[in-house]
Amino acid sequence: MKSLDGAAAVLDHGGSLGRAMALFPNAPQPFVDLSTGINPHSYPFFELPATALSRLPEAARARELADVAASAYGAPSAANVVAVPGTQILLPRVASLASPGKALVLGPTYAEHQRAAAIVGHAVMEVDDFEALAGADLAIVVNPNNPDGRVIERKKLLGLAGRLRASGGLLVVDEAFMDVGPRAESLAGDVGQGGVVVLRSFGKFFGLAGLRLGFALADALTVERLQAQFGPWAVAGPALEYGIRALADVDWQAEMRRRLADDSARLDALFGRFGVAVAGGTTLFRYIRLADAAGLFSVLGQRGILLRHFSGRPHVLRAGLPGGDEEWQRLESALADWAQQRDDGA
């Protein structure tokens with residue numbers, strides 16, 4: 001089987017078409033980028049008020065966004081919400097809420113959590129045993145998990161939060177994909193008791209990653225500490241307007257959840273036709289374990305179809321959703337080519 005080590009040096013994260021072109025310079029354009037978990041069916045564009053660009057954001061609009069976000073995510077109140085330009089910028093700031101000590105990350109998962117905890121002084125380890133997190137000063141759980149879709153029950157997370165709170169520790173739950181997860185397992189409604197920070201991403205579910213908008217949900221004092229770090233005007237005017245409208249649009253959200261469920265089932269069936277079993281994921285991405293993961297990644301990449309691979313896990317791939325009929329057809333054709341090469345070599 002081909003090694004993915006060389007490719008891993010080029011593609012550290014999904015979503016970089018520049019890196020994809022460096023890796024597959026002769027691939028047909030445009031790329032079908034399935035390397036992210038971003039919704040290909042974005043929230044509808046609308047005309048922004050001119051003041052969203054020409055004036056500094058008004059404090060009243062920021063408060064309105066916090067109100068809408070609290071309602072959408074199930075936080076106790078707007079006082080438990082801080083809005084920021086994307087959740088990525090939150091990671092080291094949230095990690096620094098716990099005094100430097102032992103940070104444990106439930107893995108395998110999104111690698112940026114380890115990096116963020118390390119740069120603020122924690123000794124970081126990835127563990128695969130949930131119970132081991134009780135010994136942390138800072139415990140981090142991605143729920144649903146990226147890339148395999150694993151879900152930890154709310155009851156278990158609350159028990160862990162209580163143990164950490166008693167010892168002065170902090171639990172961080174990254175719910176970037178909870179919009180398409182089992183929302184009853186969210187800890188958003190529990191942040192008021194302290195010792196828990198929940199991260200929520202706007203751009204993934206709403207398909208507007210370039211807008212850069214995210215949220216931390218926490219007790220009111222922790223929210224004040226985080227807001228003080230960002231100061232006024234943390235969220236740009238256009239992001240405020242899109243956040244307020246989209247988070248309040250419950251009809252669009254319900255319909256999109258149905259559409260994504262249909263699309264992910266269609267993707268599973270397409271992979272299955274060519275002998276690729278889907279092992280997990282969410283309705284925004286599918287998780288694949290395959291002996292010939294390197295071969296599949298390479299053949300599809302050469303045909304302009306970009307999946308997500310992971311350094312150190314050569315048998316694993318993640319696939320996002322195609323965005324339209326042409327992308328579905330290109331993926332089907334590329335999978336057929338790969339299956340033919342596999343069968344010819346058998």
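Taking Cα pairs under 8 Å and at least six residues apart, what relative contact order does the stretch 269-346 come out at, in percent?
So the answer I get is 29 percent.
Pop out the carbon and sulfur fraction of the accessible area of the stretch 208-346 as a percent, whole number, probe 1.4 Å.
49 percent
Among all helices in the chain defined by DSSP H, which have a length of 24 Å or more along the axis from Cα atoms plus a Kyte-Doolittle mean of at least -1.0?
Membrane-span-like by this criterion, though nothing is claimed about a membrane: 250-273.
Per DSSP H run of n ≥ 4, the term is -39500 (n - 2.57); total these for the chain, divide by its residue number, and report the mean residue ellipticity at 222 nm rounded to 500 deg cm²/dmol.
-12500 deg cm²/dmol
Could you check the spin-label model distance between Ser167 and Phe230? Points 7 Å from the Cα along Cα→Cβ, value in nm.
About 3.1 nm, to one decimal.
Just to check I understand the Karplus step: with θ = phi - 60° and J = 6.51 cos²θ - 1.76 cosθ + 1.60, what whole-Hz values come out for the stretch 310-321, glycine and proline as x?
Going residue by residue, I get 9, 5, x, 10, x, 9, 10, 9, 10, 10, x, 9 Hz, with x marking Gly and Pro.
Using the heavy atoms of the protein chains and a 1.4 angstrom probe, tell me the accessible area per residue for the stretch 252-346 in square angstrom.
Dividing the accessible area of the stretch 252-346 by its residue count gives 42 Å².
Determine, from the Cβ-Cβ distance of Arg258 and Ser77 and an R0 of 41 Å, the FRET efficiency 1/(1 + (r/R0)^6), rounded to the nearest 0.05.
0.85
If I take R0 = 56 Å and measure r between the Cβ atoms of Ala336 and Val127 in this structure, what FRET efficiency does the formula 1/(1 + (r/R0)^6) give, to the nearest 0.05?
According to the calculation, E is roughly 0.85.
Starting from the exponent 0.38 and prefactor 2.2 Å, build the expected Rg for the stretch 153-282 from its residue count and divide its actual Cα Rg by it.
Taking N as the residue count of the stretch 153-282, the ratio is 1.27.
Leaving out ligands and nucleic acids, note down the accessible area per residue over the stretch 19-146 with a 1.4 angstrom probe, in whole Å².
Value returned for the stretch 19-146: 45 Å² of accessible area per residue.
Relative to the present Cα-Cα distance, how much length would full extension add between Arg115 and Asp67 at 0.36 nm per residue of separation?
14.1 nm
Taking a ≥ b ≥ c as the square roots of the Cα gyration tensor eigenvalues, with a/c under 1.5 meaning rounded and otherwise prolate when a/b beats b/c, else oblate, which class fits the stretch 1-135?
Since a/c reaches 1.5 but b/c is at least a/b, the shape of the stretch 1-135 is classed as oblate.
Take the Cα pairs of the chain, get the Kirkwood Rh, then feed it into Stokes-Einstein at 4 °C and 1.567 mPa s and tell me D in µm²/s.
The diffusion coefficient I find is 62 µm²/s.
Return the long-range amide H neighbours of Ser42 (sequence gap of 5 or more, or a different chain), with a cut-off of under 5 Å between placed amide H atoms.
none
The values are calculated or read from the model by the stated rules, or taken from the named source; none is laboratory data. What you see is a predicted model, and the numbers here were worked out from it, not measured in a lab. All Cβ positions, glycine included, derive from the backbone under ideal geometry; neighbour counts span all protein chains shown. The area values use the complete protein model at the heavy-atom level, side chains included, leaving out ligands, DNA and RNA. Shrake-Rupley method; radii C 1.70, N 1.55, O 1.52, S 1.80 Å.
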